[in-house]
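One structure is given below, encoded as structure tokens.
The values are calculated or read from the model by the stated rules, or taken from the named source; none is laboratory data. The shown structure was predicted, so the numbers you read here are calculated from the model rather than taken from an experiment. Positions of Cβ are backbone-derived with ideal geometry, glycine not excepted, and every protein chain shown enters the neighbour counts.
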């Protein structure tokens with residue numbers, strides 16, 4: 001029987017494999033890391049007292065299921081090298097633990113390679129020191145995940161700042177687009193922080209706020225006294241070991257200099273640098289933002305793109321899109 | 001009372017003497033793979049093996065059981081029968097609109113006489129307008145008259161297939177056999193309830209072998225419903241999966257106490273003077289645990305049926321129903337019992353078991369908070385000091401308002417505890433998500449420490 005190849009064992013790839021396995025279709029996952037799960041693995045629940053629909057509940061035990069599923073051949077520490085053939089009969093050259101291997105009888109390929117590792121992100125225009133108290137979005141996710149019964153941070157903060165659109169909507173770079181997820185996760189995080197620390201001042205430096213939930217979401221944030229400051233900060237001042245950091249910005253045509261305990265950078269989704277190489281070997285189009293696009297209809301070409309390899313999207317959207325792709329592939333085999 | 005100890009290990013050596021001391025008749029059952037299924041009866045259980053039916057009052061598994069959480073689903077369904085080719089009763093078999101299948105040459109070549117018997121049966125079934133498949137590796141015409149029989153079969157509508165490889169599978173949900181027959185050109189899938197097979201040699205061995213193969217496939221899928229702790233979702237079936245002898249003996253004593261309590265109690269008392277004979281309680285009781293006593297013009301409880309749900313209390317206009325005094329057991333148990341829902345705690349169940357190994361903690365996996373009943377909490381409280389239920393955050397339930405339902409369930413359980421005059425503060429509700437493991441662990445710790453200082 002022909003198999004489906006999935007590039008990337010993160011959320012998007014795992015959902016496709018899981019759904020196809022339910023239909024009895026065999027899949028091969030090529031994952032570069034030594035564990036499946038990708039970035040979502042480290043993310044945390046972002047409910048305060050009430051669920052804030054961050055989508056993490058959807059993931060549940062997906063990755064343990066993937067590991068033990070008989071229909072899924074999970075190849076870890078692997079990388080795809082080259083792809084030949086066309087829909088119905090792809091031949092794939094890949095490396096597993098630095099050993100070159102071949103795969104035959106692949107009918108369709110799903111590209112689910114996700115987005116760039118935020119660890120190696122450049123500083124986008126904003127000058128700042130290297131300091132533990134400047135927290136990236138993914139680091140903040142890990143803090144959310146590991147929050148205890150009565151604390152989020154080791155020491156209760158007095159003043160907190162979120163800097164929105166960090167690495168997004170920046171004309172000087174190639175990231176001149178909205179990442180769409182950062183408004184969601186940062187406002188949800190601010191709500192959690194408010195639950196734990198009722199007296200902390202939370203400032204949010206933003207240009208505008210995307211629609212996170214329908215209804216009066218902004219008013220809800222106002223009720224939780226989360227201050228929206230329409231500004232783009234110029235610099236963060238401080239030493240690498242200082243416990244207080246200064247943000248220099250301009251708001252309402254006035255200088256605004258404030259001191260904070262923690263600064264959270266809501267960094268966006270940046271296209272995977274490997275996309276260029278994938279576009280070349282698979283014959284896909286890479287747009288000017290660095291994301292992949294289909295050239296032909298996927299049902300014809302046998303090449304599907306799911307998740308953040310295609311465009312920035314959240315957990316729930318990725319889930320739905322991947323389920324849709326699994327359904328399309330299944331209908332193609334019947 | 002008879003107890004079946006099911007499991008093939010050394011535990012029987014130290015468990016049996018304890019049970020016999022307490023006046024139980026112990027029946028050892030080391031051949032677990034022989035059990036087809038277990039069916040619950042009014043007072044006890046029936047264990048089905050290929051050879052016999054064994055009736056026992058209680059069952060204790062001493063190793064990871066095959067059926068557990070899905071037990072109820074399992075007991076209502078049985079394995080299909082594979083017919084021997086000489087067994088004529090296949091003619092009477094109701095095929096539910098699916099084809100009747102004769103599969104020959106399985107595990108060796110069928111002789112010509114066997115083929116002839118099968119052909120006769122096939123023809124007679126096909127004449128009653130039933131679809132018939134006749135699947136074999138070769139065509140045999142060794143005896144005179146065979147060729148005419150093949151012709152007649154073809155005219156009556158028997159479909160002939162030749163094969164090189166055949167797979168037999170059984171779908172326990174649909175109660176159907178699934179055949180996958182391959183030849184040189186491709187394969188075809190056939191679903192049936194009436195399957196008759198023939199090969200070389202003793203047919204009984206082969207039918208047994210096929211059934212065993214299919215069962216072993218299905219067993220793998222049932223493994224995931226494994227619970228921690230010694231209780232299962234069925235009253236009267238227990239698991240002893242402790243690592244040490246001490247742990248097992250401790251749990252066994254709890255089981256014995258449980259059984260003895262179980263047998264003595266009616267759970268409720270009905271005041272004959274107060275009863276208005278209005279039938280309200282009979283109508284609402286989901287377990288048919290009440291019946292009219294015409295002589296005294298009052299209701300009376302039925303032995304062993306009551307599940308302690310308390311429905312009858314709420315509808316009785318005369319307040320004639322009270323909990324039986326014996327049931328008012330003081331809480332002797334120590335430790336904590338946790339119900340963890342699929343969306344919150346159950347994902348972390350392996351981690352939690354490791355984390356809680358030191359203390360006296362039992363964990364049960366539930367698919368949703370809405371699935372547990374007040375009496376589940378109360379049953380747990382008979383053996384543990386505290387009970388905690390881990391469910392989703394408000395608004396996060398992906399079932400049907402499970403978090404709201406569990407709040408009501410806990411309230412009912414607390415009301416019941418208050419009625420019995422027991423401490424109702426030992427029931428805790430933890431709202432969490434699987435993606436905040438530290439929070440869950442710290443919550444469990446705080447529940448365990450709660451009330452210890454005062």
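From the list A:302, A:268, the lone residue that is crowded, with 16+ Cβ neighbours inside 10 Å and more than 23 Å from the chain's Cα centre (by Cα) is A:302. Which condition number in (1) free of Cβ contacts under 8 Å to residues at least 24 places away in the same chain; (2) surrounded by fewer than 17 Cβ atoms within 10 Å (Cβ to Cβ); (3) within 14 Å of chain B (Cβ to nearest Cβ) is the one that residue A:222 fails? Only one criterion is unmet by residue A:222, namely (3). Taking the stretch B:345-454 as the region of interest, the strands (runs of 3 or more DSSP E) fully inside it that hold 2 or more residues being under 29 Å from the mean Cα position of the chain (by Cα) and modelled with pLDDT of 85 or more are B:386-391, B:427-431. Looking at A:187, A:175, which is the one that is under 24 Å from residue A:148 (Cβ atoms) and surrounded by 15 or more Cβ atoms within 10 Å (Cβ to Cβ)? When all the criteria are applied, what remains is A:187. Taking the stretch A:36-58 as the range and being buried (at least 16 other Cβ atoms within 10 Å of the Cβ), touching a helix residue (DSSP H, G or I) at 6+ places or on another chain (Cβ under 6 Å) and within 14 Å of chain B (Cβ to nearest Cβ) as the test, the residues that pass are A:37, A:40, A:43, A:44, A:45, A:46, A:48, A:52, A:54, A:55, A:58. Considering the stretch B:89-99, and only residues there that are under 30 Å from the mean Cα position of the chain (by Cα) and touching a residue at least 60 places away in the same chain (Cβ under 8 Å), the residue that is surrounded by the fewest Cβ atoms within 10 Å (Cβ to Cβ) turns out to be B:94. Inclusion of residue A:164 among residues that are assigned to a loop (DSSP other than H, G, I, E, B), touching a helix residue (DSSP H, G or I) at 6+ places or on another chain (Cβ under 9 Å) and at pLDDT below 95 is not warranted. Taking the conditions exactly as written (more than 20 Å from residue A:281 (Cα to Cα) and without any contact (Cβ under 8 Å) to a residue 40 or more places away in the chain), does residue A:24 satisfy them or not? Taking the combined requirement at face value, the residue does not satisfy it. When the test is whether a residue is out of contact with any helix residue (DSSP H, G or I) (no Cβ under 7 Å at 6 or more places or on another chain) and either within 14 Å of chain B (Cβ to nearest Cβ) or surrounded by 18 or more Cβ atoms within 10 Å (Cβ to Cβ) (or both), residue A:107 passes it. Under the condition of being within 14 Å of chain A (Cβ to nearest Cβ) and either touching a residue at least 24 places away in the same chain (Cβ under 8 Å) or at positive phi (or both), the residues counted in the stretch B:400-442 number 13.
When residues in the stretch A:129-161 are screened for being part of a strand (DSSP E or B) and within 20 Å of residue B:433 (Cβ to Cβ), 0 of them pass. When residue A:240 is tested against the conditions (1) closer than 26 Å to residue A:137 by Cα; (2) in contact with a helix residue (DSSP H, G or I) (Cβ under 7 Å, 6 or more places away or on another chain); (3) surrounded by fewer than 20 Cβ atoms within 10 Å (Cβ to Cβ), the lone failure is (2).
Kindly evaluate residue A:273 against the criterion of being in contact with a strand residue (DSSP E or B) (Cβ under 6 Å, 6 or more places away or on another chain) and part of a loop (DSSP other than H, G, I, E, B). Taking the combined requirement at face value, the residue does not satisfy it.
Condition check for residue B:103 on (1) surrounded by 15 or more Cβ atoms within 10 Å (Cβ to Cβ); (2) touching a helix residue (DSSP H, G or I) at 6+ places or on another chain (Cβ under 8 Å); (3) at pLDDT 80 or above: one failure, at (2). Counting only residues that are touching a helix residue (DSSP H, G or I) at 6+ places or on another chain (Cβ under 7 Å) and at pLDDT 80 or above, which one in the stretch B:318-337 is nearest to the other protein chains (Cβ to nearest Cβ)? For the stretch B:318-337, the residue satisfying everything is B:336. Against the numbered list (1) in contact with a strand residue (DSSP E or B) (Cβ under 8 Å, 6 or more places away or on another chain); (2) assigned to a loop (DSSP other than H, G, I, E, B); (3) over 18 Å from residue B:199 (Cα atoms), residue B:138 comes up short only at (3). Residue A:98 falls short on exactly one of the conditions (1) buried (at least 16 other Cβ atoms within 10 Å of the Cβ); (2) free of Cβ contacts under 8 Å to residues at least 40 places away in the same chain; (3) away from chain B (no Cβ under 13 Å), and that condition is (1).
Suppose the filter is touching a helix residue (DSSP H, G or I) at 6+ places or on another chain (Cβ under 9 Å) and in a helix (DSSP H, G or I); does residue A:265 pass it? For residue A:265, the condition - touching a helix residue (DSSP H, G or I) at 6+ places or on another chain (Cβ under 9 Å) and in a helix (DSSP H, G or I) - is not met. Listed by position, the strands (runs of 3 or more DSSP E) enclosed by the stretch B:1-69 that each have at least 1 residues that are modelled with pLDDT under 80 and surrounded by 12 or more Cβ atoms within 10 Å (Cβ to Cβ) are B:37-41, B:44-48.
Could you go through the stretch B:216-236 and let me know if any residue there is within 27 Å of the chain's Cα centre (by Cα), crowded, with 16+ Cβ neighbours inside 10 Å, closer than 30 Å to residue B:38 by Cβ and at pLDDT 70 or above. Within the stretch B:216-236, one or more residues are within 27 Å of the chain's Cα centre (by Cα), crowded, with 16+ Cβ neighbours inside 10 Å, closer than 30 Å to residue B:38 by Cβ and at pLDDT 70 or above.
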